[in-house]
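Contents: one structure, followed by commentary.
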Amino acid sequence: MSVPAATTPSGLAEAPRRGLGAWWQALPLTAVFVQFFLIPLALILMVSFWDFNEYELLPAFTFKNYLSVFEGCGSLSDSGEMCTTFKTYVSTFKFSFVVWLLTLVIGFAVSYFLAFHVRSSGMQTLLFVLCTIPFWTSNVIRMISWVPLLGRNGLANQSLQSMGLIDQPIEWLLFSGFSVTLAFVHLYTMFMIVPIFNSMMRIDRSLIEAASDSGATAWQTLCNVIVPLSRTGIIIGSIFVITIVMGDFVTIGVMGGQQIASIGKIIQVQTSYLQFPLAAANAMILLLIVLMIIWALTRLVDIRKEL
């Protein structure tokens, strides 16, 4: 049985046209990506190798900025302390880990409730919209709203004193690591809820019923069925939260009372003093670390395949 001669050439001719059309469709988004991401990133990389003084930038290739970032970090100090850069990174990693853990627990619990305990799709939508209400205001307003609650003469201290639980106001409620962590969780939990909820809504409910019919307890179903199938949402939410917290400087500055150091805060201070090459070097180091974290997280699941 012979194949018509015209079939193969026409099929081969259509394939390049389809491929060319796909490239033309991707061209606008590619142009935006190059113009607003790759080119600025290349400029930051270039400036990180420049020199500077009190008055001007000197476009001369030098590693001085990267060396100054880790100056004195080759060994511990006489008192056994790490250098400022390492201590700052440790502080940043600490906040990132604590905020990631808290947002993961809260986000998973809220998503689980919405996906498996709210039967009505209309009620699911309503409750999900209620979760997004804090996003209707700016981050700064949401942060400032904690000040009258947690301050020395705030509502929390006054309530505790009126109940006789404390004699003096609790100082660490505001302008401390506690207030910074609380604000981070308040601001960024939604970034964990959305992808996890999306993953849970895509789980086939027949799998839950099969696990129950097989005698699995609720805890076993959660650990062996729901959590593995929600892994994509957990990874995406983790990437969102960790990357945002790693570079945040506004929340730490406002809620920490300008007393807590972070890498983002250091970069912001350096730019305010017009030390742009040094700030660019710090930004590139931070970007490299964040990309390594993202790479490690994406090794746990093939996001493109799962989505």
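Answer yes or no as to whether S111 is of a type in the set (G, A, S), modelled with pLDDT of 90 or more, in a helix (DSSP H, G or I) and more than 15 Å from I196 (Cα to Cα).
Considered against the rule, which asks whether it is of a type in the set (G, A, S), modelled with pLDDT of 90 or more, in a helix (DSSP H, G or I) and more than 15 Å from I196 (Cα to Cα), S111 comes out as no.
With respect to the numbered conditions (1) without any contact (Cβ under 8 Å) to a residue 60 or more places away in the chain; (2) surrounded by fewer than 19 Cβ atoms within 10 Å (Cβ to Cβ), which one is the sole condition not fulfilled by I267?
(2)
Output the number of the condition that A216 fails; it satisfies all remaining conditions of (1) out of contact with any Asp or Glu (no Cβ under 9 Å at 6 or more places or on another chain); (2) in contact (Cβ under 8 Å) with a residue 12 or more places away in the chain.
(2)
So which residues in region 265-300 are farther than 13 Å from V47 by Cβ, modelled with pLDDT of 90 or more and of a type in the set (G, A, S), if there are any at all?
Selection gives A296 alone.
Please verify whether A156 is over 23 Å from the mean Cα position of the chain (by Cα) and touching a residue at least 12 places away in the same chain (Cβ under 8 Å), treating the condition exactly as stated.
When the stated conditions are applied, A156 passes them.
If you scan region 223-249, which residues turn out to be part of a helix (DSSP H, G or I), free of Cβ contacts under 8 Å to residues at least 24 places away in the same chain and not β-branched (V, I, T)?
Scanning region 223-249 gives C223, N224, P228.
Would you be able to say whether some residue in region 61-80 is touching a helix residue (DSSP H, G or I) at 6+ places or on another chain (Cβ under 7 Å), polar (S, T, N, Q) and closer than 27 Å to I239 by Cβ?
Taking every residue of region 61-80 in turn, none turns out to be touching a helix residue (DSSP H, G or I) at 6+ places or on another chain (Cβ under 7 Å), polar (S, T, N, Q) and closer than 27 Å to I239 by Cβ.
Anything in region 100-125 that is surrounded by 12 or more Cβ atoms within 10 Å (Cβ to Cβ) and out of contact with any helix residue (DSSP H, G or I) (no Cβ under 8 Å at 6 or more places or on another chain)? List them, or say none.
L101, V105, A109, F113, T125
The values are calculated or read from the model by the stated rules, or taken from the named source; none is laboratory data. No experiment lies behind these values; they were computed from the predicted model shown. FYI the Cβ positions are ideal-geometry reconstructions off the backbone, even for glycines, and counts take in every protein chain you see.
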